[in-house]
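First up is the structure itself, then whatever we jot down about it.
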Amino acid sequence: MIYLIGAFAVLHVLFYLRLAFGWRRIPDVYKNDGLIPVSVIIPARNEEDKIGQILRHLDKQDYPKELFEVIVVDDFSDDGTVDQVVQSIDALSIHIRLVQLNDKSKQGKKHALTAGVKEADHETILTTDADCWFGEQWIRSYNDTFDETTNMVAGPVTIQGKGLFARLQQVEFSGLMGFGAVTITEENPSMCSGANLGFRKRAFEEVGGYTDNLFTPSGDDEFLLFNIMRRFPHSTKFMKTRDAIVSTLAHTSLRAFINQRTRWTSKWKHNKNGKVRVSAVLFFLDYLLFYVAILGAVSGWFDPLLIGGIVFVRFISQFAFVAPINRFLTGKGALVPLLVFQIIYPLHVLFMGMNSIFGSYTWKGRKYG
């Protein structure tokens, strides 16, 4: 058993060091002189408290207002979301259109996005979520990243909030963002975030949009990423610039956090990408063996000094990867959250892995199992 633990520890360290070097090799975004028209699509369900904020941020974009439109797709909201959008249409100077889903058999984020793409007037599509915000250069960053050979662009997302729980979510998501950025750049994609994503309308249509996973609640971003990168090799980029960062609030309740993470991890059982599925299994085994090693050291089965050394080198490799990305995304350090992660994150991975297979979750007032 100790040899298996040691082997996974070596793989763990090599994996994170490779990601750390991969992050450094991602090219920065440089401004260009040309300007392209874009359609920004925002799927929304029960976002009356937040939809006005993101529309105001779009109104403040440092980009010609005649070159972009905003399409808000209402996914059967039962609060004041629609009223807030209508008020924003009257109050703001940007071109906003409201599209409402009307077929109850076709509900959810993917149906909302599909409806938005169908209504879009422009070839370049940007998507974000109703509970997000960003700086004035957000659209301009996409303009500078897209060129004639680009079919998809994934952007950086960060989590904001105060307190240790928020900082833990922030650092975890920084690691996920970095993992996605490196694997996209290496043409071996793992993940991206629909809160900050751009693609060509023709590429979306040619791969069939979300046809092969339309009724899977999650994965609108990643399944589309896999399909476009498979159909159009060497045409996807990660947008490495602070001007493109999209922010969202950390969860304040554990229940909401578990619901969100269960929704995210539940898509793995529907994933047809063999490498991604194998990676998920290896992650699960890696953290399972981590707890076996700790238990073994406490029980006297294994040398505590040896296990302590393994824990230390695991931490150093994770820190080398996550700290620069968290600094890029938030301007903050990652030392304290990562130290806490050494104890609780393996439990988090194991729990979410099992819960995504056998559990259920509620999202936007809808229950999935």
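The values are calculated or read from the model by the stated rules, or taken from the named source; none is laboratory data. Everything numeric in this text was worked out from a predicted model, so none of it was measured. Cβ sites come from the backbone with ideal geometry, for glycine too, and all protein chains shown count toward neighbours.
A few points about this structure:
- Filtering region 283-314 to residues that are surrounded by fewer than 16 Cβ atoms within 10 Å (Cβ to Cβ), aromatic (F, W, Y) and modelled with pLDDT of 80 or more leaves W301, F312.
- Check on T236, touching a helix residue (DSSP H, G or I) at 6+ places or on another chain (Cβ under 6 Å) and in contact (Cβ under 8 Å) with a residue 60 or more places away in the chain: yes
- Those residues of region 1-51 which are part of a helix (DSSP H, G or I) and closer than 24 Å to V117 by Cβ, in sequence order: I51
- Enumeration of residues in region 167-192 that are more than 19 Å from F232 (Cα to Cα) and among the hydroxyl-bearing types (S, T, Y): S174
- Number of residues in region 194-224 that are at pLDDT below 85 and either assigned to a helix (DSSP H, G or I) or outside the structural domain of A120 (by TED's automatic domain parsing) (or both) equals 4.
- Residues in region 16-50 that are surrounded by 18 or more Cβ atoms within 10 Å (Cβ to Cβ) and either more than 30 Å from L289 (Cβ to Cβ) or over 20 Å from the mean Cα position of the chain (by Cα) (or both): V29, V38, S39, V40, I41, I42, P43, A44, R45, N46, E47, K50.
- Look at region 187-206: where a residue is touching a residue at least 24 places away in the same chain (Cβ under 8 Å) and farther than 29 Å from F283 by Cα and a partner is buried (at least 19 other Cβ atoms within 10 Å of the Cβ) and among the hydroxyl-bearing types (S, T, Y), sitting 6+ places away or on another chain with Cβ atoms under 7 Å, you get R200/T124.
- Some residue of region 78-99 being assigned by TED's automatic domain parsing to the domain that holds F204, in contact (Cβ under 8 Å) with a residue 60 or more places away in the chain, not basic (K, R) and not in a loop (DSSP other than H, G, I, E, B): no
- Residue in region 164-173 that is modelled with pLDDT under 95, touching a helix residue (DSSP H, G or I) at 6+ places or on another chain (Cβ under 7 Å), among the basic types (K, R) and outside any loop (DSSP other than H, G, I, E, B) present: yes
- Pairs where the first residue, in region 127-150, is under 15 Å from D28 (Cβ atoms) and the second is part of a strand (DSSP E or B) and among the small types (G, A, S), C-beta under 7 Å, 6+ apart: Y142/G198
- Residue within region 264-274 that is modelled with pLDDT of 85 or more and assigned to a loop (DSSP other than H, G, I, E, B) present: no
- Residue that is farthest from V73 (Cα to Cα), among those in region 97-119 that are surrounded by fewer than 21 Cβ atoms within 10 Å (Cβ to Cβ) and among the aliphatic types (A, V, I, L, M): V117
- Among residues of region 45-57 that are farther than 18 Å from R140 by Cβ and in the same structural domain as W133 (by TED's automatic domain parsing), those with a beta-carbon under 8 Å from a residue that is of a type in the set (F, W, Y) and part of a loop (DSSP other than H, G, I, E, B) at least six positions away or on a different chain give the pairs R45/F76.
- For the residues D83, D74, the requirement of being of a type in the set (D, E) and surrounded by fewer than 15 Cβ atoms within 10 Å (Cβ to Cβ) singles out D83.
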